[in-house]
Amino acid sequence: MNLKRLPTAIEGLDDILQGGLFEGGVYIFEGPPGVGKTTLANQMAYQLASQRQQRTLYVTLLAESHARMLQHMEQQVFFDRQQVSAGIFYVSAYRELEDGGLKAVVGLLRGELLRSRASLLVIDGLVVEHRGLSSDAVRQFVHELQSLVSAMSCTCLVLTSGNGNALSAEQTMVDGIFTFEDHGFHWRAERRMQVRKFRGSQVIRGSHTFCISQRGLQFFPRLESLPLRHQGGSLGDAVVSTGLPAWDGLLRSGGVLAGSSSVVIGHSGAGKTTLALAFAAAASPGTPGLMMACTEFAADLRRLSTSLGLDVAAAMDAGSLTIEHLGHEDESMDEMGHKLLRLVDERRIRRVVVDGLEGLADTLAFSERGYRFLGRLLTELKVRGVTSLFTVDPAALAVAAGTGLAEGVVGWFDNAFVFKTGFGEPGEGEARTLVVAKVRGTQPARGAADMQLSLLGAERPPSH
């Protein structure tokens, strides 16, 4: 017999759990104060009430008043004052804990669950080490709690600021353990959650990032660990223009193949953003485009493209091209990836530009799994039929990631182009040569071309 699930109704969390929590289960949410446990429990409660008409009994073991908690929750989009004492019942067990210990708390829970007929029970504030509670007392409490919620067909969340050892004697008895952490990295801060234990089914393993906003908590499962929802992902037969005649002229087919991924490698100032803008400007109503910029903002890119004679502004005004900034504030690598794919799906994007792979690298997770993440991101774009272009500055990537451009990373891409710079004829300044390092599905018409980026349709005589 399959166990009945209780979906959390939290974006991304049910994907990690592959369906949600289990009815009758007891789950520990542990982590330092301020990491988001109380917000998460309230978010679940209000969304279960609004979406499924299911009730929640929210029991606090803390001295803080419910009025103060609700004042904080009022800032959240999910909060609904009408659900208080109608679909969500707040009860304090602080006095029972002080006077009669955990046994008295169990008695209170039994009576309140019978009265409320709740589907979700939240116990907020079980801080064992600060209460002087013995391991035997806590073990007995968890055992009685499991029996109670199983009999009542209720799912229970226990919120604790324990450091992983506070409930060690009880962790083998509960159905799941979720650890929440807050990490600092460079100028960013990143929140992570890991499912350390989960009875009843497989989960997406590893640490998953999440953010807290006025919408509540939003989780971003590790992209490369998710099941591949779309099959296929081969290159198409159609040819897609790069947006520059000189660039198209490097390839015998006159462009790259539909669904392919390309990378342009070069140092700062070589012209990578100019090529990225040209590629983006070739978006049309039938093939909408999305550009994710690492360092530049949409208004600046719009002005730059106009000065270069590119039609970025016209494409944006027509709704054919969207420009977004990559890596706002404390966005994690997975958050950026999920955002990109969400925009692709919502707007039916067919042409994607990521100007600055180093924007993904300036995150906590990149050094340990960034290239596996990149490979999966390219696969997700390919199976959606998206033709993509990424640019990368090896020096900037080394600073952001703490390591150089990994050998073999170009292998993830179908096509690779490298800017070589030097000095041309006297008075002509720095010369830029775009070299075809790799191309898949077609053949180079020639190996390189000297690019006059100030005259976008022009080129110098072929390099030999």
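The values are calculated or read from the model by the stated rules, or taken from the named source; none is laboratory data. Note that the structure is a prediction, hence the values are computed from the model and not measured. Backbone-built Cβ (ideal geometry, glycine too); neighbour counts: all protein chains shown. Heavy atoms of the whole protein, side chains included, go into the accessibility calculation; ligands, DNA and RNA do not. Shrake-Rupley method; radii C 1.70, N 1.55, O 1.52, S 1.80 Å.
For the peptides 49-57, 276-284, 149-157, 21-29, residues were scored by their other Cβ atoms within 10 Å and the scores averaged per peptide; the highest-first order is 276-284, 21-29, 149-157, 49-57. Shown are Trp412, Trp247, whose ranking by accessible area with a 1.4 Å probe and every protein chain present, most to least, is Trp412, Trp247.
Taking the Cα centre of the chain as origin, work out the dipole magnitude from +1 charges on Lys and Arg Cβ and -1 charges on Asp and Glu Cβ, in debye rounded to 20. All intermediate terms of the calculation are to be shown ahead of the outcome.
Values: 45 positive and 49 negative charges, 260 e Å.
It works out to roughly 1240 debye.
Report, in deg cm²/dmol and to the nearest 500, the calculated mean residue ellipticity at 222 nm for the chain, where each DSSP H run with n ≥ 4 adds -39500 (n - 2.57) and the sum is divided by the residue count.
Taken over the chain, the calculation gives -9500 deg cm²/dmol.
With all projection directions averaged, the alpha carbon convex hull of the range 326-372 covers 3.5 nm².
Model label sites at Ala86 and Arg347, defined 7 Å from Cα along the beta-carbon direction, differ in position by 3.8 nm. Atom-type composition of the exposed protein surface of the chain places 49 percent of the accessible area on carbon and sulfur (1.4 angstrom probe).
Taking label positions 7 Å along the Cα-Cβ direction at both Thr421 and Arg199, the computed distance is 6.2 nm, reported to one decimal.
The label point for Ala398 and the one for Glu112, both projected 7 Å from the Cα toward the Cβ, are 5.9 nm apart.
Dimensions of the range 200-356 based on its C-alpha atoms, expressed as ranges along the principal axes with the largest first, amount to 58, 35, 32 Å.
Only four residue types carry charge here, +1 at the Cβ of Lys and Arg and -1 at the Cβ of Asp and Glu. Report the dipole size of the range 324-363 about the Cα centre in Debye, rounded to the nearest 20. Present the calculation step by step, with values, prior to reporting the outcome.
On the way: 6 positive and 11 negative charges, 101 e Å.
Value, rounded to 20: 480 debye.
Remark: the chain projects, on average over all directions, an area of 25.3 nm² (convex hull of Cα atoms).
Divided by 2.2 N^0.38 Å, where N counts the residues, the Cα radius of gyration of the range 300-438 comes to 1.16.
On the beta carbon distance between Gln443 and Leu3, with R0 = 45 Å, the FRET formula returns roughly 0.20.
Using only the heavy atoms of the protein chains and a 1.4 Å probe, how would Lys103, Lys272 rank by accessible area, largest first?
On the way: Lys103 150, Lys272 20 Å².
Solvent-accessible surface, decreasing: Lys103, Lys272.
Which whole-number percentage describes the relative contact order of the chain, with Cα contacts under 8 Å and a sequence gap of 6 or more?
Working: 935 pairs, mean separation 68.8, N = 464.
Relative contact order here is 15 percent.
Here the range 79-153 is assigned +1 on the Cβ of each Lys and Arg and -1 on the Cβ of each Asp and Glu. Its dipole about the Cα centre then comes out at about 240 debye. Solvent exposure of the range 226-355, expressed per residue, is 41 Å² of accessible area, with all protein chains present and a 1.4 angstrom probe. Note on the range 1-145: Cα convex hull, mean projected area over all directions, 9.5 nm². Pairs of C-alpha atoms in the range 1-86 farther apart than 15 Å represent 64 percent of all such pairs. Compared with the dominant Cα axis of the chain, that is its longest principal axis, helix 333-347 is turned about 70°.
I'd like the distance separating the alpha-carbon centroids of the range 102-156 and the range 185-224, in whole Å. Centre-to-centre distance over Cα atoms comes out at 26 Å.
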